[in-house]
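Colleague: Here it is: the structure, laid out below.
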Amino acid sequence: VSNSTLDLLNQHQAKEQVRLLERFWELRQLQQQQQQLFMQQQQNQLKALHDEQSKIHLFIANQQGAPWSKGLK
């Protein structure tokens, strides 16, 4: 195998390594963005559940304090 052939192979390998490394970082960035989005969605769901729970607690407290509920206790 001639030196020029080896040089071409080395150049090709170097270019391929650069391409793969760039793709790796693109995918890593995409993964981080998806993780952030997922975490934000989870936080939004948790807040919605917390808000709903607070409404239910308030509703129950109001029901227990209602005059007509005194005989049910």
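Colleague: Determine whether the stretch 61-73 contains at least one residue that is among the basic types (Lys, Arg) and not in a helix (DSSP H, G or I).
Modeller: The answer is yes, given that some residue of the stretch 61-73 is among the basic types (Lys, Arg) and not in a helix (DSSP H, G or I).
Colleague: Also, I was wondering about something else. Taking Val1 as meeting all but one of (1) surrounded by 10 or more Cβ atoms within 10 Å (Cβ to Cβ); (2) part of a loop (DSSP other than H, G, I, E, B), write down the number of the exception.
Modeller: (1) is the only condition that Val1 fails.
Only the coordinates and a few stated rules stand behind these numbers; no lab work does. Keep in mind the model is a prediction, meaning the values are calculated, not measured. For neighbour counting, all protein chains shown are included, and Cβ atoms are generated from backbone atoms with ideal geometry for every residue, glycine included.
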